[in-house]
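Visitor: Following this message is one structure expressed as structure tokens.
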Amino acid sequence: MTLNVRISGRIGRKVDEVFDAVVNPKKLSSYFTTVGGASAPLVAGTTVIWWKNAPVEVSEVEANKRIVFHWDGGTGEDGVRYRTKVEMTFDALEDGGTLVIIEESGWREDEAGRRGTYLNCEGWTQMLCCMKAFVEYGINLREGFFLSEMRGEPAEAPDR
């Protein structure tokens, strides 16, 4: 058995605009991958780099519907990184908004895995909130949020 997290939220824009805010590296770098950015668009079969040093291996992209990728999301109790799976779905709502669901799975069921699920659940929740602020209002909530990013380094936990 592996551990997983799932978060969701409504963004008050059409699904194509919300989806583009994730696959478009310029937009993603405006609210999420702010230090080091995103090296390229999310395209199935490619590997892009987030935050200067985080490889994201994109396995599936279904326009305006779904993105699936794998990355070094977990760290074992031995300190060795291992890959987790992230799946984002985008559901058009009748009111013109979009429901975004982010699921990450594949952590080991140990103390390090439990800590990883907690930290990434926090991270994905923060990402979704920042995406909502950026897409709906053009605001970058992430600016000045993490001490490490204020030093020009990607956010890491704990941020002390």
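Visitor: Across bins of 10 angstrom width beginning at 0, how are the C-alpha pair distances of segment 1-90 distributed, in whole percent?
Guide: Calculated over all Cα pairs of segment 1-90, the distribution is 16, 46, 32, 6, 0 percent.
Visitor: Which value, in debye to the nearest 20, gives the size of the charge dipole of segment 19-124 about its Cα centre, when Lys and Arg are +1 and Asp and Glu are -1 at the Cβ? Show your work: numbers first, answer last.
Guide: On the way: 11 positive and 17 negative charges, 94 e Å.
Dipole magnitude for segment 19-124 comes out near 460 debye.
Visitor: Another one. Once amide H atoms are built 1.01 Å from N in the peptide plane, which residues 5 or more positions from THR46, or in another chain, come under 5 Å H to H?
Guide: VAL58
Visitor: Please work out the average accessible area per residue across segment 1-108, using the 1.4 Å probe convention, and give it in Å².
Guide: 48
Visitor: For segment 32-84, take every pair of Cα atoms, bin their distances at 5 Å starting from 0, and report each bin as a whole percent.
Guide: Here the calculated profile for segment 32-84 is 5, 20, 22, 24, 18, 8, 3, 1.
Visitor: Can I ask one more? Evaluated at 10 °C with a viscosity of 1.306 mPa s, what Stokes-Einstein diffusion coefficient in µm²/s does segment 54-129 have when Rh comes from the Kirkwood expression over alpha-carbon pairs?
Guide: Values: Rh = 13.5 Å.
Translational diffusion coefficient: 118 µm²/s.
Visitor: While we're here: Could you work out the Kirkwood radius for the chain, taking every pair of different alpha carbons, averaging 1/r and inverting it, reported in Å? Could you put the intermediate results ahead of the total?
Guide: On the way: mean 1/r = 0.0626 Å⁻¹.
16.0 Å is the Kirkwood radius here.
Visitor: Further question on the same structure: Decide, for segment 93-160, between rounded, prolate and oblate: order the square roots of the alpha carbon gyration tensor eigenvalues as a ≥ b ≥ c, take rounded if a/c falls under 1.5, and otherwise choose prolate if a/b is larger than b/c, else oblate. Intermediate results must be reported in sequence, preceding the final value.
Guide: Numbers: a/c = 4.12, a/b = 1.21, b/c = 3.42.
Taking the square roots of the gyration eigenvalues as a ≥ b ≥ c, segment 93-160 is oblate.
Visitor: What number comes out for the charge environment of GLU17, summing +1 per Lys or Arg and -1 per Asp or Glu over other residues with Cβ under 15 Å away?
Guide: Numbers: positive: ARG10, ARG13, LYS14, LYS26, LYS27, LYS65, LYS132; negative: ASP16, ASP20, ASP91, ASP95, GLU136.
Net of charged neighbours comes to +2.
Visitor: What is the local net charge at PHE134, summed over the other residues whose Cβ is closer than 10 Å to its Cβ (Lys, Arg +1; Asp, Glu -1)?
Guide: Numbers: positive: LYS27, LYS132, ARG142; negative: GLU136.
Charge balance near PHE134 sits at +2.
Visitor: For THR89 and LYS65, calculate 0.36 nm times their separation in residues minus their Cα-Cα distance, and state this gained length in nm to one decimal.
Guide: On the way: separation 24, 0.36 × 24 = 8.64 nm, distance 0.56 nm.
Full extension of this stretch gives 8.1 nm more.
Visitor: Working from the pairwise distances between different alpha carbons, so that the mean of 1/r is found and then inverted, what is segment 64-105's Kirkwood radius in Å?
Guide: On the way: mean 1/r = 0.0844 Å⁻¹.
Computed over segment 64-105, the radius equals 11.8 Å.
Visitor: Let me check I have the definition right: for segment 1-48, take the eigenvalues of the Cα gyration tensor, multiply each by 5, take square roots. What are those semi-axes in whole Å, largest first?
Guide: That gives 20, 18, 12 Å for the three semi-axes.
Visitor: With θ set to phi - 60° and the Karplus curve 6.51 cos²θ - 1.76 cosθ + 1.60, what are the ³J(HN,Hα) couplings of segment 5-18 in order, to the nearest whole Hz, using x for Gly and Pro?
Guide: So the Karplus estimates, Gly and Pro as x, are 10, 8, 10, 8, x, 9, 10, x, 9, 5, 4, 5, 5, 5 Hz.
The values are calculated or read from the model by the stated rules, or taken from the named source; none is laboratory data. Predicted, not measured: the structure shown is a model, and the values here were computed from it. Here Cβ is always computed from backbone atoms with ideal geometry, including for glycine, and neighbour counts include all displayed protein chains. Calculation scope for accessible area: heavy atoms of the full protein, side chains included, ligands and nucleic acids excluded. Shrake-Rupley method; radii C 1.70, N 1.55, O 1.52, S 1.80 Å.
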